[in-house]
1. Within the group THR127, THR91, which residue is touching a strand residue (DSSP E or B) at 6+ places or on another chain (Cβ under 6 Å) and modelled with pLDDT under 80?
2. Residues that are under 30 Å from ILE156 (Cα atoms), within 20 Å of the chain's Cα centre (by Cα) and touching a residue at least 40 places away in the same chain (Cβ under 8 Å): which strands (runs of 3 or more DSSP E) entirely in segment 1-114 hold 2 or more of them?
3. Looking at (1) in contact with a Phe, Trp or Tyr (Cβ under 6 Å, 6 or more places away or on another chain); (2) buried (at least 16 other Cβ atoms within 10 Å of the Cβ), which one does LYS133 not meet, given that it meets all the others?
4. Quick check, is VAL43 closer than 24 Å to GLU150 by Cα and surrounded by 14 or more Cβ atoms within 10 Å (Cβ to Cβ)?
5. Go through the residues of segment 81-88 one by one and say whether even a single one is of a type in the set (Val, Ile, Thr) and in contact with a strand residue (DSSP E or B) (Cβ under 8 Å, 6 or more places away or on another chain).
6. For segment 115-160, which positions are among the hydroxyl-bearing types (Ser, Thr, Tyr) and in a loop (DSSP other than H, G, I, E, B)?
7. Going through segment 9-38 one residue at a time, which ones are over 22 Å from SER118 (Cβ atoms) and either modelled with pLDDT of 90 or more or touching a helix residue (DSSP H, G or I) at 6+ places or on another chain (Cβ under 9 Å) (or both)?
Amino acid sequence: MLNKYVKYIFIVLIIILLITYYYPFPISKIIASYTGIFTPETVDLKVNFSSFLSKDFKMDDTNLVNELYSYIENLKVRRVMIPPNSYYIQTPGWYLIRIQSKEGKYLIIVIYNSDYISINGKTYKLTDKMDLKKIYKLILLDQDKEDIDEYYFNIIEEFK
């Protein structure tokens, strides 16, 4: 009889652990655990448009940097047991984002697609739908139109 209760308690504990492991939480909790106080200053980005085409960007405008940071920070994610296969990555829309803070700290975020995000090397599944067009529009707002080919302004229609 006692053995039967122990089994039930064990099963309930496993269920509780699984629920807490997969429960969605905001990215801001992950960022706080890595960096503590983090005030974004500049952003270096690499956007992969296809397997053969990528472009590096730099964002210096404080308002746009803060808007990008707060957009990413407010997304909700959950942990994954097994990270996705690297061949699962869909292009266009693969971003490598390196955010430097005023405190001298760095945060590296890789957005694989609208489903998966990696923060400082750990992969998470997005529970919110990420708008890749919004991120790309924020990047383009901080760029000089004379310095960048018009192709990069027109390619936004390919993003999902």
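The values are calculated or read from the model by the stated rules, or taken from the named source; none is laboratory data. Given the structure is predicted, the values throughout are model-derived calculations rather than measurements. Methodologically, a virtual Cβ is constructed for each residue, glycine included, from the backbone with ideal geometry; neighbour enumeration extends over all protein chains shown.
1. Result: THR91 is the single residue among THR127, THR91 that is touching a strand residue (DSSP E or B) at 6+ places or on another chain (Cβ under 6 Å) and modelled with pLDDT under 80.
2. 40-48, 54-59, 76-79, 94-101
3. For LYS133, the exception is condition (2).
4. Taking the combined requirement at face value, the residue satisfies it.
5. No: segment 81-88 contains no residue that is of a type in the set (Val, Ile, Thr) and in contact with a strand residue (DSSP E or B) (Cβ under 8 Å, 6 or more places away or on another chain).
6. Across segment 115-160, the qualifying residue is only THR127.
7. Hits for segment 9-38 are ILE9, PHE10, ILE11, VAL12, LEU13, ILE14, ILE15, ILE16.
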